[in-house]
Amino acid sequence: MKSFDTPEQATGKGRLTRAPHVLSMFIAVLLATVMWYAVSVRDRLEAQVEVNIDYYGIPSNLVVTDGLVSKLIVRLRGPETLLRSIPRERLTEGIDLSDIKKGETVVPLGRDELGPAFRAFEVVDIQPPRIVIQADTVLERSVPVQARAESPLHNDALTVENLSVSPATVILRGPEQVINTITRLPLAIKLDPKAAGTTVQQTITLDTPSLVTANPPSVRVRYTITSGRTVVSRHCTIVVDSDADHQYSVTPHELTVLVEVPEALAKNSKYLQGMAVSVLPPAMEVGESKQVKLRFRLPEGMTLLNPANDDVKVTRTK
(Lines give C-alpha, C1' and ligand atoms only; values in the text may rest on other atoms or scores of the structure.)
Protein backbone atom coordinates (compact mmCIF):
# COMPACT_ATOMS: atom_id res chain seq x y z
CA MET A 1 0.00 0.00 0.00
CA LYS A 2 1.45 3.44 -1.05
CA SER A 3 2.08 5.85 1.79
CA PHE A 4 1.95 9.64 1.63
CA ASP A 5 3.97 12.17 3.61
CA THR A 6 2.15 14.69 5.65
CA PRO A 7 2.76 18.41 4.86
CA GLU A 8 4.93 18.71 7.94
CA GLN A 9 7.11 15.78 6.81
CA ALA A 10 7.52 17.22 3.28
CA THR A 11 8.60 20.61 4.64
CA GLY A 12 11.22 18.98 6.81
CA LYS A 13 12.74 17.11 3.91
CA GLY A 14 12.98 20.37 1.84
CA ARG A 15 14.86 22.02 4.63
CA LEU A 16 17.30 19.12 4.80
CA THR A 17 17.83 19.33 1.02
CA ARG A 18 18.53 23.12 1.04
CA ALA A 19 20.84 23.02 4.05
CA PRO A 20 23.79 21.32 2.29
CA HIS A 21 23.40 23.69 -0.68
CA VAL A 22 23.58 26.78 1.52
CA LEU A 23 26.57 25.36 3.35
CA SER A 24 28.39 24.74 0.06
CA MET A 25 27.72 28.32 -1.06
CA PHE A 26 29.03 29.67 2.24
CA ILE A 27 32.22 27.61 1.97
CA ALA A 28 32.75 28.74 -1.64
CA VAL A 29 32.35 32.42 -0.69
CA LEU A 30 34.70 31.94 2.24
CA LEU A 31 37.35 30.31 0.05
CA ALA A 32 37.03 33.06 -2.58
CA THR A 33 37.45 35.69 0.13
CA VAL A 34 40.54 33.97 1.48
CA MET A 35 42.06 33.66 -2.00
CA TRP A 36 41.31 37.33 -2.76
CA TYR A 37 42.96 38.34 0.50
CA ALA A 38 45.97 36.15 -0.23
CA VAL A 39 46.48 37.64 -3.69
CA SER A 40 45.31 41.22 -3.26
CA VAL A 41 46.18 42.03 0.33
CA ARG A 42 48.54 39.63 2.01
CA ASP A 43 51.02 39.44 -0.91
CA ARG A 44 50.99 43.14 -1.84
CA LEU A 45 54.58 44.36 -1.73
CA GLU A 46 56.49 47.51 -2.66
CA ALA A 47 59.26 47.78 -5.23
CA GLN A 48 61.40 50.64 -6.55
CA VAL A 49 62.25 50.83 -10.25
CA GLU A 50 64.22 53.19 -12.49
CA VAL A 51 62.36 54.49 -15.53
CA ASN A 52 64.28 56.11 -18.40
CA ILE A 53 62.64 59.12 -20.05
CA ASP A 54 62.25 59.87 -23.75
CA TYR A 55 61.01 63.39 -24.48
CA TYR A 56 58.89 64.20 -27.51
CA GLY A 57 56.68 66.96 -28.87
CA ILE A 58 59.12 69.87 -28.30
CA PRO A 59 57.83 72.77 -30.47
CA SER A 60 60.04 73.35 -33.51
CA ASN A 61 60.53 77.02 -32.62
CA LEU A 62 61.86 76.23 -29.12
CA VAL A 63 64.96 74.60 -27.70
CA VAL A 64 65.19 73.24 -24.15
CA THR A 65 68.17 74.79 -22.40
CA ASP A 66 67.83 73.27 -18.92
CA GLY A 67 65.71 71.05 -16.68
CA LEU A 68 65.66 67.71 -18.50
CA VAL A 69 66.29 64.64 -16.36
CA SER A 70 67.23 61.27 -17.80
CA LYS A 71 65.29 58.97 -15.47
CA LEU A 72 62.63 58.69 -12.76
CA ILE A 73 62.62 56.66 -9.55
CA VAL A 74 59.15 55.10 -9.17
CA ARG A 75 57.94 53.22 -6.07
CA LEU A 76 55.12 50.77 -6.76
CA ARG A 77 52.84 48.63 -4.62
CA GLY A 78 51.10 45.53 -5.91
CA PRO A 79 50.94 41.72 -5.95
CA GLU A 80 54.33 40.06 -5.68
CA THR A 81 53.79 38.01 -8.84
CA LEU A 82 53.09 41.13 -10.90
CA LEU A 83 56.00 43.07 -9.40
CA ARG A 84 58.35 40.25 -10.35
CA SER A 85 57.12 40.44 -13.93
CA ILE A 86 58.33 44.03 -14.44
CA PRO A 87 61.38 44.08 -16.77
CA ARG A 88 64.06 45.89 -14.74
CA GLU A 89 66.66 46.16 -17.52
CA ARG A 90 65.06 48.85 -19.67
CA LEU A 91 61.90 50.66 -18.58
CA THR A 92 61.24 53.69 -20.77
CA GLU A 93 58.40 56.19 -20.73
CA GLY A 94 57.73 59.11 -23.08
CA ILE A 95 57.05 62.60 -21.72
CA ASP A 96 55.12 65.03 -23.94
CA LEU A 97 56.63 68.54 -23.99
CA SER A 98 54.33 70.01 -26.64
CA ASP A 99 52.83 72.48 -24.12
CA ILE A 100 56.08 74.10 -22.97
CA LYS A 101 56.57 77.83 -23.53
CA LYS A 102 59.56 80.16 -23.79
CA GLY A 103 60.97 80.65 -20.31
CA GLU A 104 60.02 78.37 -17.44
CA THR A 105 57.43 75.58 -17.60
CA VAL A 106 56.61 73.16 -14.76
CA VAL A 107 55.85 69.65 -16.04
CA PRO A 108 54.23 67.35 -13.43
CA LEU A 109 55.32 63.71 -13.35
CA GLY A 110 52.43 61.71 -11.91
CA ARG A 111 50.65 58.43 -12.46
CA ASP A 112 48.89 59.81 -15.54
CA GLU A 113 52.25 60.41 -17.23
CA LEU A 114 53.20 56.73 -16.84
CA GLY A 115 52.27 54.23 -19.52
CA PRO A 116 49.82 51.31 -19.39
CA ALA A 117 52.50 48.98 -18.02
CA PHE A 118 52.00 50.65 -14.61
CA ARG A 119 48.17 50.61 -14.55
CA ALA A 120 48.05 47.35 -12.55
CA PHE A 121 49.99 48.90 -9.66
CA GLU A 122 49.49 51.52 -7.03
CA VAL A 123 52.02 54.29 -7.64
CA VAL A 124 53.29 55.20 -4.17
CA ASP A 125 55.88 57.83 -5.14
CA ILE A 126 57.68 59.34 -8.13
CA GLN A 127 60.97 61.18 -7.84
CA PRO A 128 61.26 63.83 -9.00
CA PRO A 129 57.52 64.59 -8.85
CA ARG A 130 57.94 67.36 -11.44
CA ILE A 131 60.56 68.91 -13.70
CA VAL A 132 61.11 72.61 -14.38
CA ILE A 133 61.87 73.13 -18.06
CA GLN A 134 63.77 76.16 -19.30
CA ALA A 135 63.23 76.86 -22.99
CA ASP A 136 64.34 79.56 -25.39
CA THR A 137 63.39 80.59 -28.91
CA VAL A 138 65.42 79.00 -31.70
CA LEU A 139 67.42 81.62 -33.60
CA GLU A 140 69.53 81.34 -36.78
CA ARG A 141 72.32 83.75 -37.58
CA SER A 142 75.08 83.99 -40.17
CA VAL A 143 78.52 84.71 -38.67
CA PRO A 144 82.05 84.83 -40.11
CA VAL A 145 84.63 82.16 -39.28
CA GLN A 146 87.74 83.68 -37.67
CA ALA A 147 90.73 81.41 -38.30
CA ARG A 148 93.81 81.56 -36.09
CA ALA A 149 97.00 79.55 -36.67
CA GLU A 150 98.57 78.08 -33.52
CA SER A 151 102.21 76.99 -33.54
CA PRO A 152 103.14 74.14 -31.18
CA LEU A 153 106.71 75.47 -31.11
CA HIS A 154 107.88 78.14 -28.71
CA ASN A 155 108.71 81.64 -29.95
CA ASP A 156 106.09 81.22 -32.72
CA ALA A 157 108.70 79.52 -34.89
CA LEU A 158 106.04 78.62 -37.46
CA THR A 159 104.19 81.30 -39.40
CA VAL A 160 101.64 81.07 -42.19
CA GLU A 161 100.66 82.99 -45.31
CA ASN A 162 97.68 82.95 -47.67
CA LEU A 163 95.30 81.55 -45.05
CA SER A 164 91.82 81.01 -46.50
CA VAL A 165 88.63 79.45 -45.10
CA SER A 166 85.80 78.02 -47.19
CA PRO A 167 83.04 78.87 -46.58
CA ALA A 168 84.01 82.11 -44.89
CA THR A 169 80.67 82.36 -43.05
CA VAL A 170 78.41 79.72 -41.50
CA ILE A 171 74.86 79.71 -40.14
CA LEU A 172 74.56 79.10 -36.41
CA ARG A 173 71.32 77.71 -34.95
CA GLY A 174 70.53 77.57 -31.24
CA PRO A 175 69.01 79.36 -28.23
CA GLU A 176 68.36 83.04 -28.93
CA GLN A 177 70.14 84.11 -25.74
CA VAL A 178 73.34 82.32 -26.82
CA ILE A 179 73.25 83.18 -30.54
CA ASN A 180 72.87 86.89 -29.81
CA THR A 181 76.24 86.90 -28.03
CA ILE A 182 78.17 85.38 -30.98
CA THR A 183 79.54 87.82 -33.55
CA ARG A 184 82.18 85.46 -35.04
CA LEU A 185 83.14 81.81 -34.70
CA PRO A 186 86.79 81.18 -33.72
CA LEU A 187 88.65 78.44 -35.59
CA ALA A 188 91.97 77.23 -34.16
CA ILE A 189 94.38 75.71 -36.71
CA LYS A 190 97.08 73.48 -35.20
CA LEU A 191 100.20 73.77 -37.33
CA ASP A 192 102.29 70.69 -38.00
CA PRO A 193 106.01 71.52 -37.74
CA LYS A 194 106.79 68.67 -40.15
CA ALA A 195 104.80 70.49 -42.83
CA ALA A 196 106.96 73.61 -42.65
CA GLY A 197 107.64 75.08 -46.08
CA THR A 198 104.58 73.45 -47.68
CA THR A 199 101.01 74.39 -48.56
CA VAL A 200 98.44 72.59 -46.39
CA GLN A 201 94.78 71.85 -47.10
CA GLN A 202 92.58 70.32 -44.43
CA THR A 203 88.98 70.04 -43.27
CA ILE A 204 88.30 71.14 -39.70
CA THR A 205 85.13 70.51 -37.69
CA LEU A 206 83.79 73.69 -36.12
CA ASP A 207 83.66 73.98 -32.34
CA THR A 208 80.35 75.55 -31.26
CA PRO A 209 78.86 76.35 -27.83
CA SER A 210 76.52 73.86 -26.17
CA LEU A 211 73.10 73.54 -27.90
CA VAL A 212 74.41 75.47 -30.92
CA THR A 213 74.90 73.80 -34.31
CA ALA A 214 76.71 75.12 -37.37
CA ASN A 215 75.71 74.72 -41.01
CA PRO A 216 77.94 73.48 -42.51
CA PRO A 217 79.47 71.69 -39.49
CA SER A 218 83.01 71.88 -40.92
CA VAL A 219 85.07 74.16 -43.17
CA ARG A 220 88.03 73.68 -45.46
CA VAL A 221 91.21 75.67 -44.80
CA ARG A 222 94.25 76.28 -46.97
CA TYR A 223 97.50 77.92 -45.91
CA THR A 224 101.25 77.92 -46.48
CA ILE A 225 103.70 77.47 -43.62
CA THR A 226 106.38 80.03 -44.46
CA SER A 227 109.06 78.62 -42.18
CA GLY A 228 111.08 76.10 -44.18
CA ARG A 229 112.97 73.07 -42.86
CA THR A 230 116.66 72.34 -42.78
CA VAL A 231 118.98 69.45 -41.87
CA VAL A 232 121.16 69.68 -38.75
CA SER A 233 123.92 67.32 -37.54
CA ARG A 234 123.78 66.47 -33.84
CA HIS A 235 126.50 64.88 -31.69
CA CYS A 236 124.83 62.94 -28.85
CA THR A 237 125.98 61.02 -25.79
CA ILE A 238 124.12 57.74 -25.22
CA VAL A 239 122.59 57.62 -21.76
CA VAL A 240 121.76 54.43 -19.84
CA ASP A 241 118.15 54.68 -18.71
CA SER A 242 118.50 53.04 -15.28
CA ASP A 243 118.88 54.08 -11.64
CA ALA A 244 122.01 51.89 -11.61
CA ASP A 245 123.51 53.42 -14.76
CA HIS A 246 127.00 53.26 -13.20
CA GLN A 247 126.85 49.46 -13.48
CA TYR A 248 126.79 49.53 -17.28
CA SER A 249 128.97 50.67 -20.17
CA VAL A 250 127.84 51.43 -23.73
CA THR A 251 129.83 50.92 -26.93
CA PRO A 252 129.96 53.28 -28.76
CA HIS A 253 129.38 55.86 -26.06
CA GLU A 254 128.54 58.66 -28.52
CA LEU A 255 127.11 58.96 -32.02
CA THR A 256 126.28 61.57 -34.65
CA VAL A 257 122.82 61.77 -36.18
CA LEU A 258 121.12 63.93 -38.78
CA VAL A 259 117.80 65.58 -37.95
CA GLU A 260 115.48 67.85 -39.88
CA VAL A 261 114.14 70.91 -38.01
CA PRO A 262 112.26 74.13 -38.80
CA GLU A 263 114.67 76.76 -40.13
CA ALA A 264 113.69 79.19 -37.38
CA LEU A 265 114.97 76.72 -34.76
CA ALA A 266 118.08 75.44 -36.52
CA LYS A 267 120.35 77.54 -34.27
CA ASN A 268 118.24 77.45 -31.13
CA SER A 269 120.45 75.54 -28.67
CA LYS A 270 117.69 75.05 -26.09
CA TYR A 271 115.45 73.47 -28.72
CA LEU A 272 118.19 71.25 -30.14
CA GLN A 273 119.22 70.04 -26.67
CA GLY A 274 115.73 68.63 -26.29
CA MET A 275 116.92 65.65 -28.32
CA ALA A 276 118.16 62.68 -26.26
CA VAL A 277 119.46 59.19 -27.09
CA SER A 278 119.26 56.36 -24.53
CA VAL A 279 119.27 52.60 -24.03
CA LEU A 280 117.29 50.44 -21.61
CA PRO A 281 119.61 47.75 -20.24
CA PRO A 282 118.22 44.20 -20.18
CA ALA A 283 118.71 41.71 -17.34
CA MET A 284 122.35 40.60 -17.45
CA GLU A 285 125.03 39.02 -15.28
CA VAL A 286 128.23 40.91 -14.45
CA GLY A 287 130.58 40.76 -17.45
CA GLU A 288 127.79 39.87 -19.90
CA SER A 289 127.12 42.01 -23.02
CA LYS A 290 124.06 42.37 -25.23
CA GLN A 291 123.05 44.34 -28.31
CA VAL A 292 120.31 46.86 -27.42
CA LYS A 293 118.18 49.09 -29.64
CA LEU A 294 118.64 52.84 -29.34
CA ARG A 295 115.76 55.00 -28.10
CA PHE A 296 115.38 58.57 -29.40
CA ARG A 297 113.49 61.42 -27.75
CA LEU A 298 112.79 64.23 -30.21
CA PRO A 299 111.27 67.66 -29.48
CA GLU A 300 108.17 68.74 -31.42
CA GLY A 301 108.94 69.44 -35.07
CA MET A 302 112.20 67.47 -35.24
CA THR A 303 112.50 64.48 -37.60
CA LEU A 304 115.20 61.81 -37.30
CA LEU A 305 116.83 61.12 -40.70
CA ASN A 306 119.60 58.52 -40.38
CA PRO A 307 120.89 57.30 -37.02
CA ALA A 308 124.47 56.07 -37.22
CA ASN A 309 123.54 52.71 -35.65
CA ASP A 310 120.30 50.89 -35.02
CA ASP A 311 121.69 49.33 -31.86
CA VAL A 312 124.71 49.41 -29.56
CA LYS A 313 126.45 47.03 -27.17
CA VAL A 314 125.65 47.28 -23.48
CA THR A 315 127.92 45.55 -20.92
CA ARG A 316 127.23 44.88 -17.25
CA THR A 317 130.41 45.97 -15.46
CA LYS A 318 129.42 45.71 -11.81
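The values are calculated or read from the model by the stated rules, or taken from the named source; none is laboratory data. Everything numeric in this text was worked out from a predicted model, so none of it was measured. Counting neighbours? That spans all protein chains shown, and the Cβs are built from the backbone with ideal geometry, glycine included. The area values use the complete protein model at the heavy-atom level, side chains included, leaving out ligands, DNA and RNA. Shrake-Rupley method; radii C 1.70, N 1.55, O 1.52, S 1.80 Å.
For segment 127-145, a residue qualifies if it is surrounded by 13 or more Cβ atoms within 10 Å (Cβ to Cβ) and either among the small types (Gly, Ala, Ser) or in contact with a Lys or Arg (Cβ under 7 Å, 6 or more places away or on another chain) (or both), and the qualifying residues are ALA135, ASP136, THR137, VAL138, VAL143, PRO144. The set of residues in segment 259-307 being farther than 28 Å from PRO152 by Cβ and either part of a loop (DSSP other than H, G, I, E, B) or open to solvent by 80 Å² or more (accessible area, probe 1.4 Å) (or both) consists of PRO281, PRO282, ALA283, MET284, GLU285, VAL286, GLY287, GLU288, GLN291. For segment 157-164, indicate whether the set of residues that are modelled with pLDDT of 90 or more, surrounded by 17 or more Cβ atoms within 10 Å (Cβ to Cβ) and in a strand (DSSP E or B) is non-empty. Checking segment 157-164: not a single residue is modelled with pLDDT of 90 or more, surrounded by 17 or more Cβ atoms within 10 Å (Cβ to Cβ) and in a strand (DSSP E or B). Of the residues making up segment 96-118, at least one is at pLDDT 90 or above, among the hydrophobic types (A, V, I, L, M, F, W, C), over 22 Å from ASN215 (Cα atoms) and open to solvent by 70 Å² or more (accessible area, probe 1.4 Å). Do the conditions hold for THR199, that is, is it open to solvent by 50 Å² or more (accessible area, probe 1.4 Å), touching a helix residue (DSSP H, G or I) at 6+ places or on another chain (Cβ under 9 Å) and in contact (Cβ under 8 Å) with a residue 24 or more places away in the chain? Answer is no for this residue. Might you let me know whether segment 220-230 holds any residue that is at pLDDT below 90, surrounded by 13 or more Cβ atoms within 10 Å (Cβ to Cβ) and among the small types (Gly, Ala, Ser)? Yes. For segment 213-249, filtering for residues that are touching a helix residue (DSSP H, G or I) at 6+ places or on another chain (Cβ under 6 Å) and assigned to a loop (DSSP other than H, G, I, E, B) leaves 2.
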